[in-house]
Amino acid sequence: MNHAGPVSTRRLRLLITLSVILVFVFLIRLIDFQVVRAESINQESYEKRAVARTVPAVRGDILDANGNILATSVYRYDINAAPAIVKPVQRKIDGVDQVVSVESIAAELARILQVEVSELLPKLIGTSHYVNLKKRVDAETHRQIVELEIPWIFADPHQNRLYPNGAVAGNLTGFVGTDGEALAGIERQFNACLAGVDGKETFEKGVDGIKIPSSTVVIQEAKPGRNVILTIDADLQYQAQQVLATEVKRLNADWATAVVIEVKTGRIVLAAEAPSVDPNDPGKSPESERGARAFQFAFEPGSTMKAITAATAIDSGYATVNTQVRAPDSLKVYDRVINDSYSHPPTNWTVTGVLRYSSNVGTIKFAEKVPAKTRYEYMEAFGFGKPTAVGFEGETEGVLNHYTEWDGVTNFTTMFGQALSVSPVQMAAAYQVLANEGVKLNPILVAGCQDEDGNLTAVPKSDPTQVVSASTANDVMHMLEKIVEQGGIGQATAVAGYRSAGKTGTAEIKEGTSYGQYYAASFYGMAPVDDPKYAMGVMIYKPKKVWTNSMAAAAGYQKILSQVLLANRVPPSTGKSPDLPTDWK
């Protein structure tokens, strides 16, 4: 009896039923994947393929007053390869499709990248999806690589900060790190203007880990930074730095600074120093040379302060240009003997003569009746004891102790520039007051932040302040003119055809609690006297090769003043200086 038929039929039906069930299950899953969950699955798949990255905003430029670029941003490119997919490339050469071998491509790459083929070819072998062939190539090199149309070569762009003029104004611009972070100077002080806003984008990568062409999606556009406009003249800054570098070498000095301020605006035309930092490679300079000493360093000004003391005594009614004093070459004050810089018998000088011969004792004689409180208030009004309105990062306020803290000796030594300290910019700004009929203008280094339309925003104000009367300022300036006309050192600062005025300064440098053997030699003044355009100063720190320390700053001052007057086509002087007697009988 045969029972196989019904059993086989049942098995067949069971198989068909199971098959139908399986098909139904697969169908449901297919609908679930392709319809119900399609969007979430695609998103999950995309997230596994997608790579998000920040698109750095292009940093704004730093420009000088004439639009010359002091700092800008350029792109550099890392040239990379994916060895796992390296293979010959098909090209159309003279209208004919040809296959170019990997070895030939390596030779092309080596020529453009300026590396040896023997160094490059081994990098193209392997299973890796990334190998660097050369870092930070310029835009032209990157363009040549792109034109080769090699599918397994790709580039990573990097923003690079470039300072086209090297060390010119490097002490002012500051610099950024390799990661683009602002580290010093204007770069850091005005980072909010320069930095811009970074963007965001995503791109997809294939199973080989390489970016899929045309897969980039911009999530947020990068907003470029804005430009910062300085008041300095880059050409004059360069010339001044060259002069200072020569003087530092000639005098075997530690360093030197020069500051020039436009009298009627307060704009800083140059703030130079030597040595200075090259912001393209700040690591080559010692840390002490990476800042701006004109703003950040304070020194005892010495005799350049006598002009301020004279202005104070005259403006407060305690002296005139012809006030008579009889001055010996030394004077005992409490437990200290104050000396002049050279020996002389008791001499009959006017205030003009005291400044002309730079007598410490004579200064005390005409200013001792001025109350300490009055002198302190005038020094504050001239800008000492506080940072300038420039607000340069790390800017010193100098040292100006309150008059109630002065002892008997300090009360007198502050008259001729000891027991207080100033920055080179502070002293230049004080002489701007004397050159501007007694009106102080806040010194300005940054003209403003430039918006997309070229307009300057955050333009600094230079509110005028009447520190001394116009007659007082002119009197002191004319007294300082006698120093240039008659003084041995002052005459070395004269510029042919121009009336100029100024004062020497020779300040001892403290070493510990006492004064050492070195000096800070300076000369501060203004020109032309008949129509003052510029106030300026040069300071040489620790000159070691000069027959008199006061002479150290004269040559540099004369050369820089000449360049400034001629470059700005300042008309020569036509008038003559007033007759001011320097002594009396």
Study note, to complete from the structure: Per the list (1) farther than 27 Å from Leu236 by Cβ; (2) modelled with pLDDT of 85 or more; (3) outside any loop (DSSP other than H, G, I, E, B), residue check on His158 breaks on (2)
Practice item. Please verify whether the stretch 124-131 includes one or more residues that are without any contact (Cβ under 8 Å) to a residue 40 or more places away in the chain, assigned to a helix (DSSP H, G or I) and either assigned by TED's automatic domain parsing to the domain that holds His158 or surrounded by 17 or more Cβ atoms within 10 Å (Cβ to Cβ) (or both). Key: no
Practice item. Could you name every one of the strands (runs of 3 or more DSSP E) located completely within the stretch 56-104 that has at least 1 residues being more than 47 Å from the chain's Cα centre (by Cα)? Key: 89-93, 96-100
Review point. Tally time: how many residues in the stretch 547-559 are assigned to a helix (DSSP H, G or I) and either closer than 16 Å to Val263 by Cβ or free of Cβ contacts under 8 Å to residues at least 12 places away in the same chain (or both)?
Key: 0
Check your understanding: Which of (1) in a helix (DSSP H, G or I); (2) touching a strand residue (DSSP E or B) at 6+ places or on another chain (Cβ under 8 Å); (3) surrounded by fewer than 18 Cβ atoms within 10 Å (Cβ to Cβ) is the odd one out, the single condition Val459 does not satisfy?
Key -> (1)
Point to revise | Test for Tyr334: is it without any contact (Cβ under 8 Å) to a residue 24 or more places away in the chain, of a type outside the set (D, E, K, R) and either over 14 Å from Phe416 (Cα atoms) or in contact with a helix residue (DSSP H, G or I) (Cβ under 9 Å, 6 or more places away or on another chain) (or both) | key: no
Review point. Which one of Gln563, Gln491 is assigned by TED's automatic domain parsing to the domain that holds Ala240, within 29 Å of the chain's Cα centre (by Cα) and farther than 18 Å from Val351 by Cβ?
Key: Gln563
Revision key, fill the gap. Within the stretch 553-578, residues being touching a Lys or Arg at 6+ places or on another chain (Cβ under 9 Å) and surrounded by 19 or more Cβ atoms within 10 Å (Cβ to Cβ) number 3
Exercise for review: Considering each of Gln432, Gln450 in turn, give the residue that is at pLDDT below 95, touching a strand residue (DSSP E or B) at 6+ places or on another chain (Cβ under 9 Å) and surrounded by 17 or more Cβ atoms within 10 Å (Cβ to Cβ).
Suggested key: Gln450
Practice item. Scan the stretch 388-410 and report the pairs whose first residue is more than 23 Å from Asn339 (Cβ to Cβ) and whose second residue is among the polar types (S, T, N, Q) and part of a loop (DSSP other than H, G, I, E, B), with Cβ atoms within less than 6 Å and a gap of 6+ or a chain change. Key: Ala389/Asn442; Thr396/Ser423; Gly398/Ser423
Exercise for review: Within the stretch 431-456, count every residue that is under 30 Å from Cys193 (Cα atoms) and assigned to a helix (DSSP H, G or I).
Suggested key: 1
Check your understanding: Which of the residues belonging to the stretch 361-402 are closer than 22 Å to Val259 by Cα, in contact with a strand residue (DSSP E or B) (Cβ under 6 Å, 6 or more places away or on another chain) and either buried (at least 21 other Cβ atoms within 10 Å of the Cβ) or not assigned by TED's automatic domain parsing to the domain that holds Lys306 (or both)?
Key -> Phe384, Gly398
Exercise for review: Find the residue count for the stretch 294-332, including only residues that are part of a helix (DSSP H, G or I) and in contact with a Pro (Cβ under 7 Å, 6 or more places away or on another chain).
Suggested key: 1
Check your understanding: When the stretch 223-246 is examined, which residues are found to be surrounded by fewer than 24 Cβ atoms within 10 Å (Cβ to Cβ) and more than 21 Å from Ile69 (Cβ to Cβ)?
Key -> Val243, Ala245, Thr246
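Yes or no, residue by residue, for (1) touching a strand residue (DSSP E or B) at 6+ places or on another chain (Cβ under 6 Å); (2) at pLDDT 90 or above:
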| site | (1), (2) |
| --- | --- |
| Gly67 | no, yes |
| Leu70 | yes, yes |
| Asp78 | yes, yes |
| Gly95 | no, no |
| Ala110 | no, yes |
| Gln144 | no, yes |
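The values are calculated or read from the model by the stated rules, or taken from the named source; none is laboratory data. Only a predicted model underlies this, so the values are computations on that prediction, with no experimental measurement involved. Quick reminder, even Gly has a Cβ in these numbers, built from the backbone with ideal geometry, and neighbours come from all protein chains shown.
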